[in-house]
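Below is one structure, written out as structure tokens; comments come after it.
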Amino acid sequence: MPTRYREVEVKLDAPDDAAVPPLDGLDGVAAVDEPVEQQLSATYFDTEGGALAAARISLRRRTGGDDAGWHLKVPARGDGRDELRLPLGRARTSVPEELREAAQLFVRDEALRPIAELRTRRVAHRLRDAAGRVLVEVADDTVVARTLPDGEPMTWREWEVEVVDGDPALLDAAIALLGEAGAGPAASRSKLARVLGDDRAATASEPVPSLGPDSEAREVLQPALRAQVDALRIHDPLVRADVDGGVHRMRVAARRLRSILATFRPLVDRAAGEHIRRELHWIAGELGEARDAEVQRRRLAELVAAQPVELVLGPVAQRIDDALRARRRSAQTAVLEAMRSERYLVLMDDLQRFAQAPPWTADASRTAADVLRSRMRREHRRMRRRIDAADAAPDAAARDGLLHEARKAAKRARYAAEVLAPAFGTRAERLARAAKRVQSVLGEHHDTVVAREALRELGVRAHLDGDNAFSYGLLHSRELAAAASLEGEVARAQAKAVRPRLRRWLD
């Protein structure tokens, strides 16, 4: 299984005659190691049509340095990239099956072939704090590269600044210092992009339009659609590689996109929107089983560990771990089967086309003030009604179910407000934060409900197997107490989210 590494780095073009300046004066840096020279050699792979490059993904086999091996780099939200790594192995030109699987959405059945070769003389400077931790590495790279099979060699020099175990703010300080020494923004986003002729002008992001209440509704909505489709695509390789957290982030993107389409359904063609929502419901459901098992396994392990040893009778932790690990493994197998299916690949292709050219209705050309505020008002009203229904529940079991419904309504209200924020500013942002708080505290409450159900089932199984079920009842009571302790937070979060002044701008 590939290991995941989060890469946060910036590349700078450096003049041939420039010297790396002293780095020990940066805040928090106690020492700088003696420079270490490394000889790196990397072969990059892609399809004939450049499917990986088009998705801003790179796949390479690199020798030399501390991280020699096979690397698949995918974009990540915010700064940085996620890198999946495997050992070198014996094969030089045959891509490991695990990384090919991770890239399946992009490469499909196409062959992966060597497309470029880079040889780098690297002089690495490691910056440490007083405890000896490596905070940042500054690499002085001289690169000789060519496209394969017979491209002309090209040479350049760059300085690469990478956060290792330090504060990202140190990255900015190091960049400023290197800039004073003559470095400037890199001509391309990566070494591979440069050798392929992919310059900044060709890959720069589209300018973000200035939005306001008078903007067309579609101008506000389309960036939100694109962002969630992009999130689904960039998390796909992490789910396939079974990277921790990948399932959760992909599931959130699917649910968020489905919620946005539900809230703003009058703005897109009904048939097209409903089809996308149905398919998103399917894949989110597949991801949900794996995610729920992840959450419960971690939660219950922590709960058992927090109990006095004398109250944990029998192999409680092992039984819980075995049961939920098996459930997680089965669910992950089902997720991979779904993601390898034609249905899933068609969905992802449909989503990409949908986000690039949504089938707008006439309402989408009206102003955000005319159309989007009314949709937001409906979502806020839905949240208020479900909160009221939970407060009027006849018993605890009914209340648990109604609070879960209120949580889902708060989530939809939050997502809708976040869509509106670029056009309506702080008013929408405040509403989004209030709805998010309701979602968060009700999510904690729902976790206790799910945990109680799991503990009851595990306790029954333990009893039937002849084990002592005392500890499962104890843990159940702990979760019941946790739910009760949340009541105050639930009341405060709900009261804040339904305040009239929070929604006055929607009238």
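Taking the residues in region 254-286 that are among the basic types (Lys, Arg) and more than 18 Å from the chain's Cα centre (by Cα) as candidates, determine which candidate is farthest from Asp230 (Cα to Cα).
Filtering region 254-286 for residues among the basic types (Lys, Arg) gives 255-256, 258, 265, 270, 277-278.
Within this subset, residues satisfying the condition of being more than 18 Å from the chain's Cα centre (by Cα) are 265, 270, 277-278.
Working: Arg265: 20, Arg270: 23, Arg277: 16, Arg278: 19 Å.
Taking the candidates together, the pick is Arg270.
Across region 243-253, which residue is farthest from the chain's Cα centre (by Cα) among those that are buried (at least 21 other Cβ atoms within 10 Å of the Cβ) and either within 15 Å of Arg226 (Cα to Cα) or polar (S, T, N, Q) (or both)?
Ala253
Has region 302-318 got any residue that is assigned to a helix (DSSP H, G or I), of a type in the set (D, E, K, R) and more than 30 Å from Leu261 (Cβ to Cβ)?
Keep residues of region 302-318 that are assigned to a helix (DSSP H, G or I), which gives 302-305, 309-311, 316-318.
Next, only the ones that are of a type in the set (D, E, K, R) stay: 302, 310.
Those left that are additionally more than 30 Å from Leu261 (Cβ to Cβ): 302, 310.
The answer is yes; a qualifying residue exists.
Any idea how many residues of region 254-296 are outside any helix (DSSP H, G or I) and either open to solvent by 40 Å² or more (accessible area, probe 1.4 Å) or touching a His at 6+ places or on another chain (Cβ under 7 Å) (or both)?
The first filter runs over region 254-296 and keeps only residues outside any helix (DSSP H, G or I), leaving 264, 268-269.
From what is left, the residues that are either open to solvent by 40 Å² or more (accessible area, probe 1.4 Å) or touching a His at 6+ places or on another chain (Cβ under 7 Å) (or both) are 269.
Looking only at that region, the number is 1.
Within region 392-407, can you find the residues that are open to solvent by 30 Å² or more (accessible area, probe 1.4 Å) and touching a helix residue (DSSP H, G or I) at 6+ places or on another chain (Cβ under 8 Å)? So that I can check it myself, show each step before the final result.
First, the residues of region 392-407 that are open to solvent by 30 Å² or more (accessible area, probe 1.4 Å): 392, 394-402, 404-405, 407.
Scanning region 392-407 gives Arg399, Asp400, Leu402, His404, Glu405, Arg407.
Within region 364-466, which helices (runs of 4 or more DSSP H) (wholly inside it) include 2 or more residues that are of a type in the set (A, V, I, L, M, F, W, C) and touching a Ser or Thr at 6+ places or on another chain (Cβ under 7 Å)?
Details: elements: 368-391, 396-424, 426-464.
Where helices (runs of 4 or more DSSP H) fall fully within region 364-466 and carry at least 2 residues being of a type in the set (A, V, I, L, M, F, W, C) and touching a Ser or Thr at 6+ places or on another chain (Cβ under 7 Å), they are 396-424.
Checking the condition part of a helix (DSSP H, G or I) and out of contact with any Ser or Thr (no Cβ under 7 Å at 6 or more places or on another chain), which residue from Arg194, Arg251 passes? Lay out the reasoning, then the answer.
Values: Arg194 fails: out of contact with any Ser or Thr (no Cβ under 7 Å at 6 or more places or on another chain).
That would be Arg251, the only listed residue that is part of a helix (DSSP H, G or I) and out of contact with any Ser or Thr (no Cβ under 7 Å at 6 or more places or on another chain).
Any idea which of Arg240, Arg265 is under 20 Å from Asp349 (Cα atoms) and at pLDDT 95 or above?
Details: Arg265 fails: under 20 Å from Asp349 (Cα atoms).
The unique qualifying residue is Arg240.
Residue under question is Ala326, and the condition is that it be in contact (Cβ under 8 Å) with a residue 12 or more places away in the chain and either within 21 Å of the chain's Cα centre (by Cα) or in a helix (DSSP H, G or I) (or both); does it hold? Walk me through how you get there before you give the answer.
Working: in contact (Cβ under 8 Å) with a residue 12 or more places away in the chain: no; either within 21 Å of the chain's Cα centre (by Cα) or in a helix (DSSP H, G or I) (or both): yes.
Taking the combined requirement at face value, the residue does not satisfy it.
Return the residue satisfying two criteria in turn: it lies in region 418-440 and is aliphatic (A, V, I, L, M) and crowded, with 22+ Cβ neighbours inside 10 Å, and of such residues it is nearest to the chain's Cα centre (by Cα). Show your work before the answer.
Here is the first cut: in region 418-440, the ones aliphatic (A, V, I, L, M) are 419-421, 423, 428, 431-432, 434-435, 438.
Narrowing further to those that are crowded, with 22+ Cβ neighbours inside 10 Å: 419-420, 423, 428, 431, 434-435, 438.
Working: Val419: 18, Leu420: 22, Ala423: 25, Ala428: 23, Leu431: 23, Ala434: 22, Ala435: 21, Val438: 22 Å.
Only one residue tops the list, namely Val419.
Step by step: first the residues of region 49-77, then only those that are in a strand (DSSP E or B) and farther than 15 Å from Lys191 by Cβ, then the one that is modelled with the lowest pLDDT. Which residue is that? Write out each step before concluding.
Our first condition is that a residue be in a strand (DSSP E or B); within region 49-77, this holds for 58-63, 69-75.
After this cut, where a residue has to be farther than 15 Å from Lys191 by Cβ as well, the list is 63, 69-70, 72, 74-75.
On the way: Thr63: 95, Gly69: 95, Trp70: 96, Leu72: 96, Val74: 93, Pro75: 89.
Top of the filtered list is Pro75.
Could you look through region 459-496, keep only residues that are of a type in the set (S, T, N, Q) and open to solvent by less than 60 Å² (accessible area, probe 1.4 Å), and pick out the one that is farthest from the chain's Cα centre (by Cα)? Talk me through it step by step, then tell me what you get.
As a first pass, look at region 459-496 and keep what is of a type in the set (S, T, N, Q): 468, 471, 477, 485, 494.
Cutting the leftovers down to open to solvent by less than 60 Å² (accessible area, probe 1.4 Å) gives us 471, 477, 494.
Working: Ser471: 36, Ser477: 34, Gln494: 28 Å.
If we take residues in region 459-496 being of a type in the set (S, T, N, Q) and open to solvent by less than 60 Å² (accessible area, probe 1.4 Å), then Ser471 is farthest from the chain's Cα centre (by Cα).
If I ask for residues that are in contact (Cβ under 8 Å) with a residue 24 or more places away in the chain and acidic (Asp, Glu), which ones from region 84-104 would you list? Steps first, please.
Just the residues of region 84-104 that are in contact (Cβ under 8 Å) with a residue 24 or more places away in the chain, to begin with: 84-86, 88, 92-93, 95-96, 98-99, 101-104.
Those that are in contact (Cβ under 8 Å) with a residue 24 or more places away in the chain and acidic (Asp, Glu): Glu98, Glu101.
Consider only pairs whose beta carbons are under 9 Å apart and that are at least six residues apart or on different chains; among these, list those whose first residue lies in region 35-48 and is more than 26 Å from Leu99 (Cα to Cα) and open to solvent by 30 Å² or more (accessible area, probe 1.4 Å) and whose second residue is not small (Gly, Ala, Ser) and not in a strand (DSSP E or B).
Pro35/Val20
Would you please name the residue that is farthest from the chain's Cα centre (by Cα), looking only at residues in region 1-32 that are open to solvent by less than 50 Å² (accessible area, probe 1.4 Å) and of a type in the set (D, E, K, R)?
Restricting to residues being open to solvent by less than 50 Å² (accessible area, probe 1.4 Å) and of a type in the set (D, E, K, R), the top hit is Asp13.
Between Gly182, Gly197, which is at positive phi and surrounded by 15 or more Cβ atoms within 10 Å (Cβ to Cβ)?
On the way: Gly197 fails: surrounded by 15 or more Cβ atoms within 10 Å (Cβ to Cβ).
None of the others qualify; the one that does is Gly182.
Here's a check for you: in region 140-156, which residue that is open to solvent by 30 Å² or more (accessible area, probe 1.4 Å) and not hydroxyl-bearing (Ser, Thr, Tyr) is nearest to His125 (Cα to Cα)? Steps first, answer last, please.
Of region 140-156, the ones open to solvent by 30 Å² or more (accessible area, probe 1.4 Å) are 142, 144, 146-150, 152-155.
Subsequent filtering for residues that are not hydroxyl-bearing (Ser, Thr, Tyr) retains 144, 146, 148-150, 152-154.
Numbers: Val144: 21, Arg146: 27, Leu148: 31, Pro149: 34, Asp150: 34, Glu152: 31, Pro153: 27, Met154: 25 Å.
Within region 140-156, the match that is nearest to His125 (Cα to Cα) is Val144.
Any chance you could count how many residues in region 124-157 are within 33 Å of the chain's Cα centre (by Cα), under 22 Å from Arg60 (Cα atoms) and not in a strand (DSSP E or B)?
Within region 124-157, residues that are within 33 Å of the chain's Cα centre (by Cα), under 22 Å from Arg60 (Cα atoms) and not in a strand (DSSP E or B) number 0.
Would you call Glu34 of a type in the set (D, E, K, R) and either assigned to a strand (DSSP E or B) or in contact with a Phe, Trp or Tyr (Cβ under 8 Å, 6 or more places away or on another chain) (or both)?
Details: of a type in the set (D, E, K, R): yes; either assigned to a strand (DSSP E or B) or in contact with a Phe, Trp or Tyr (Cβ under 8 Å, 6 or more places away or on another chain) (or both): no.
In short, no.
Given the condition within 20 Å of Ala42 (Cβ to Cβ), without any contact (Cβ under 8 Å) to a residue 60 or more places away in the chain and surrounded by 14 or more Cβ atoms within 10 Å (Cβ to Cβ), answer yes or no: does some residue in region 117-137 qualify? So that I can check it myself, show each step before the final result.
We begin by selecting, within region 117-137, every residue within 20 Å of Ala42 (Cβ to Cβ); these are 117-124, 137.
Next, only the ones that are without any contact (Cβ under 8 Å) to a residue 60 or more places away in the chain stay: 137.
Pick out the ones that are also surrounded by 14 or more Cβ atoms within 10 Å (Cβ to Cβ) and you get 137.
Taking every residue of region 117-137 in turn, at least one turns out to be within 20 Å of Ala42 (Cβ to Cβ), without any contact (Cβ under 8 Å) to a residue 60 or more places away in the chain and surrounded by 14 or more Cβ atoms within 10 Å (Cβ to Cβ).
Within region 305-321, count every residue that is among the acidic types (Asp, Glu) and within 36 Å of the chain's Cα centre (by Cα). Quick ask: steps written out before the conclusion?
Filtering region 305-321 for residues among the acidic types (Asp, Glu) gives 310, 321.
Cutting the leftovers down to within 36 Å of the chain's Cα centre (by Cα) gives us 321.
Here the count works out to 1.
Taking the condition of being in contact (Cβ under 8 Å) with a residue 60 or more places away in the chain and charged (D, E, K, R), how many residues in region 401-424 meet it?
3
The values are calculated or read from the model by the stated rules, or taken from the named source; none is laboratory data. Because the structure is predicted, anything quoted here is derived from the model rather than measured. Note: ideal-geometry Cβ built from the backbone for every residue, glycine included; neighbour counts use all protein chains shown. Please note that ligands, DNA and RNA were not included when accessible areas were found on the heavy atoms of the full protein model with its side chains. Shrake-Rupley method; radii C 1.70, N 1.55, O 1.52, S 1.80 Å.
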